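The values are calculated or read from the model by the stated rules, or taken from the named source; none is laboratory data. Every value quoted in this text rests on a predicted model; they were computed, and no experiment measured them. A quick note on method: Cβ atoms are made from the backbone with ideal geometry, for glycine too, and the neighbour counts reach across all protein chains shown. Surface accessibility is based on the protein's heavy atoms, side chains included, excluding ligands, DNA and RNA. Shrake-Rupley method; radii C 1.70, N 1.55, O 1.52, S 1.80 Å.
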Amino acid sequence: NAGVTQTPKFQVLKTGQSMTLQCAQDMNHEYMSWYRQDPGMGLRLIHYSVGAGITDQGEVPNGYNVSRSTTEDFPLRLLSAAPSQTSVYFCASSPGLHYEQYFGPGTRLTVT
Amino acid sequence: GQQVMQIPQYQHVQEGEDFTTYCNSSTTLSNIQWYKQRPGGHPVFLIQLVKSGEVKKQKRLTFQFGEAKKNSSLHITATQTTDVGTYFCAGEDSGAGSYQLTFGKGTKLSVIP
């Protein structure tokens, strides 16, 4: 099993550009989530999904969209990148919220 | 909204010394999880505590969940250089309809050989 995979590993965007961060898991987990990690801020929840077709907002959802058409995939879309979105993005999956979260390796995004 | 506070933010210890990080929630938690993140890596699950007053041990690591289920601690006995990293707690609010884990800001541990 590959676990949780994220692509790309690194990305540089110009302000106003859009892009999609990919996340996939092969563990048949229902719960998936996206976090951003900034220095001194810990991990902050952006969006999460409790199953295919169901998504909801986390603590910091503005500027991001998600969809969950399959159990395996949970892409995160940046609609119009801003320098404030410079961060490390982690995707995580879990059999459910009450279980351990498996994190992907992360995507380091820089917006100039 | 729910807040999870973690202290200290940084801790430098000599190898062999003990280390403790504390986690406090503004609301009662249904459970608390602990994660470790090595430099340049991703968070890795360590343990989950569910019951009031629960204590769990993993070799040199001891985890406690407070009686009121609003605080938790992680204690490492006789630190080693392999313990270097950032330790995060993450709590799930016991309120109805909550499907979110809220992470503390983490404690970054440095171990001086």
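Taking 0.36 nm per residue of separation and subtracting the Cα-Cα distance, full extension of the segment from A:ASP38 to A:THR7 would add 9.3 nm. Surface listing: A:SER67, A:SER94 arranged by accessible area from highest to lowest gives A:SER67, A:SER94, probe 1.4 Å. Farthest towards the positive end of the charge dipole of the protein assembly as shown, among the residues B:ILE32, B:GLY104, B:GLN48, is the Cα of B:GLY104, using unit charges on the Cβ of Lys, Arg, Asp and Glu.
Label-to-label distance for A:THR112 and A:MET27 is 3.7 nm, based on points extended 7 Å past Cα in the beta-carbon direction.
Taking all protein chains as shown and a probe of 1.4 angstrom, A:ARG108 keeps an accessible surface of around 130 Å². The dipole here belongs to the protein assembly as shown: it is taken about the Cα centre, uses +1 on the Cβ of Lys and Arg and -1 on the Cβ of Asp and Glu, and is about 340 debye. Taking 4 °C and 1.567 mPa s as conditions, the protein assembly as shown diffuses translationally at an estimated 72 µm²/s according to Stokes-Einstein applied to its Kirkwood radius (Cα pairs). Residue ranking by accessible heavy-atom surface, 1.4 Å probe, largest first, among A:ARG77, A:ARG36 comes out as A:ARG77, A:ARG36. Using a probe of 1.4 Å on the protein chains alone, the accessible area found for A:HIS98 is around 100 Å². Extents of the range A:31-112, taken as max minus min of Cα coordinates on every principal axis and listed largest first, are 35, 25, 20 Å.
From the protein chains alone at 1.4 Å, what is the descending order of accessible area for B:SER26, A:SER84, largest first? Write down the numbers at each step before the final one.
Values: B:SER26 55, A:SER84 85 Å².
These residues rank, largest area first, as A:SER84, B:SER26.
When nucleic acids and ligands are ignored and a 1.4 Å probe is applied, A:VAL12 ends up with an accessible area of around 100 Å².
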